[in-house]
Amino acid sequence: MKIPDLRTSSSTSVSAIVVGGGDVIVKIVSLAVTIILMRIFTPSDYGILTTLLTFIMVLPLFMDLGTTPSMIRFGPFLEAKGLVKQRDELFKTSLALRIIVGLLMFGAVFPFRKMISSYFLHDSGLSMLVTLMLLATLSTSFTQFIAAIFQSRERFLKMSVTKFVEALLKLVSIAVLWVLLPSIGLSHVMIIYGLAPLMTVILFFSEIRKLIRVSFLPVQKLKQIARISFWYMCSNIFLMIFVNFDILIIAAIGSQQDVGLFGAGYKLASVLGLIVNALFTVFMPQASRKVTSGDLIKYLGKISIVCALLAIAAFPFAFSGHFLVSSIAGDAYVTPDKSGELSNHLHHGVYPRVAEDVFFLTVCDHSVMILFIPFMICLFTVNRPILLALFSALEMILNIIGDVIFVPLYGPAGAAAVTLTVRMTVGTWGSIYLYRKLKQNTDFIQQVF
């Protein structure tokens, strides 16, 4: 698939428009899929689907052993230094690890499919859905690999097209089945979520084929990258658990209807994730080219102004929750209790079953994420993966503790509130810590290559 790329353009604004515009299109397609699924299934069945899709997002982190962040972090750096051969060696080694670990993970999890189904889906008879989820996870991980190659090489147009093709295949397939079949089941949806990434990989297989003749990373350098990648993997796992633990604990101690309500509010609010992803995607390769603390501080200072303005601009979106939930998801996702006063229920230990509370808090959370994008980028670019893992672990632990305490009392809205509070607390403290370290220690950025 021959697609022009904008890598030769030095304009950050052009790159941001390409990434942001591509993500908007992908998000529109994905939102269409979400709306169809919410219309097809009851909140309970949609809750089951939300739980399965959460696993599809989490499990790929175990498959690459942290090499994907290494590709994005060191790919631009190596290319800037003219070490294209070492960059391609890093890519091929990452692909090999993904294949081997992915197959081992499937073999390790497959025997426990009934237990997973019983615990998270509350029905051991749905174990086939868990099997389909594992297969979908394998195929999804390879589209993520191809997208990581494009991001590392700053070929943002190709990266956006890759995501669009996968999303469009899902939309078309689900829409066709919805029209042709008298009733579409959860198994049909999971099969589509497995085939769509696989077909996308086939379309962009040339990017993988280019790596076949490339040698693997030298053993000595592989050990160094493996050490860094291990902590990247740990931080990604901690971060993914932090982001998705809300759904998992609601699935474990609540009903699938609760999961469906939470998922509806979260999905509709996550449109702001477009801004987060676009900014991080564009800023990360550019920050990776900064080799001194002074240069990195100046760059982070510039993008901090942009992020702060965008975070402020995004906040008013939080007040559109009731309209969006009722008009897009449907009345089934809005509580019969029209008071809208969450406080009326708290002293009874009962929470209103609405998605709009989750929507409001999730929009606030995404606004905070936009604000702290410089903090996240700094954690990656100082080449101190243990520090990155520690911050991620801190967020995860605080979120788990908060969810265990507040979800039984306040339900889905309590989970969203805990996530927002943790993000603000860790982001504020972490930003101050890193700024002081960069100012006080000119060698704080560790050299790897």
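From the list Ser187, Ser152, Ser141, the lone residue that is under 24 Å from Pro43 (Cβ atoms) and not aliphatic (A, V, I, L, M) is Ser187. For the residues Val161, Val201, the requirement of being buried (at least 17 other Cβ atoms within 10 Å of the Cβ) and either among the acidic types (Asp, Glu) or touching a helix residue (DSSP H, G or I) at 6+ places or on another chain (Cβ under 6 Å) (or both) singles out Val201. Here Val58 fulfils each of the conditions (1) farther than 20 Å from Ala167 by Cβ; (2) surrounded by fewer than 21 Cβ atoms within 10 Å (Cβ to Cβ); (3) β-branched (Val, Ile, Thr) apart from (1).
Condition check ((1) assigned to a helix (DSSP H, G or I); (2) at pLDDT below 80; (3) of a type in the set (Gly, Ala, Ser)) across all residues:
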{"position": "Ile212", "(1), (2), (3)": "no, yes, no"}
{"position": "Leu217", "(1), (2), (3)": "no, yes, no"}
{"position": "Tyr232", "(1), (2), (3)": "yes, yes, no"}
{"position": "Leu272", "(1), (2), (3)": "yes, no, no"}
{"position": "Val282", "(1), (2), (3)": "yes, yes, no"}
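Checking Ile397 against (1) over 16 Å from the mean Cα position of the chain (by Cα); (2) open to solvent by less than 10 Å² (accessible area, probe 1.4 Å), which single condition isn't satisfied? Here Ile397 clears every test but (2). When the range 410-426 is filtered for residues that are surrounded by fewer than 24 Cβ atoms within 10 Å (Cβ to Cβ), in contact (Cβ under 8 Å) with a residue 60 or more places away in the chain and β-branched (Val, Ile, Thr), only Val422 remains. The residue pairs whose first member lies in the range 104-126 and is surrounded by 12 or more Cβ atoms within 10 Å (Cβ to Cβ), whose second member is of a type in the set (Asp, Glu), and whose beta carbons are closer than 7 Å, counting only pairs six or more residues apart or on different chains, are Ser117/Asp123. Can you find a residue in the range 61-68 that is within 28 Å of Arg213 (Cβ to Cβ), surrounded by fewer than 23 Cβ atoms within 10 Å (Cβ to Cβ) and not basic (Lys, Arg)? Yes - at least one qualifying residue is present in the range 61-68.
When Thr292 is tested against the conditions (1) over 22 Å from Thr419 (Cβ atoms); (2) open to solvent by 40 Å² or more (accessible area, probe 1.4 Å); (3) under 24 Å from the mean Cα position of the chain (by Cα), the lone failure is (3). For Leu168, the conditions (1) within 19 Å of the chain's Cα centre (by Cα); (2) crowded, with 22+ Cβ neighbours inside 10 Å; (3) not aromatic (Phe, Trp, Tyr) are fulfilled apart from (2). Scanning the range 366-386 for residues that are open to solvent by less than 30 Å² (accessible area, probe 1.4 Å), of a type in the set (A, V, I, L, M) and over 18 Å from Asn277 (Cβ atoms) returns a single hit, Val382.
The values are calculated or read from the model by the stated rules, or taken from the named source; none is laboratory data. These figures come from a predicted structure and were not determined experimentally. In this analysis, Cβ positions are derived from the backbone assuming ideal geometry, glycine residues included, and neighbour counts consider all displayed protein chains. For accessibility, only protein heavy atoms count, side chains too; no ligands or nucleic acids. Shrake-Rupley method; radii C 1.70, N 1.55, O 1.52, S 1.80 Å.
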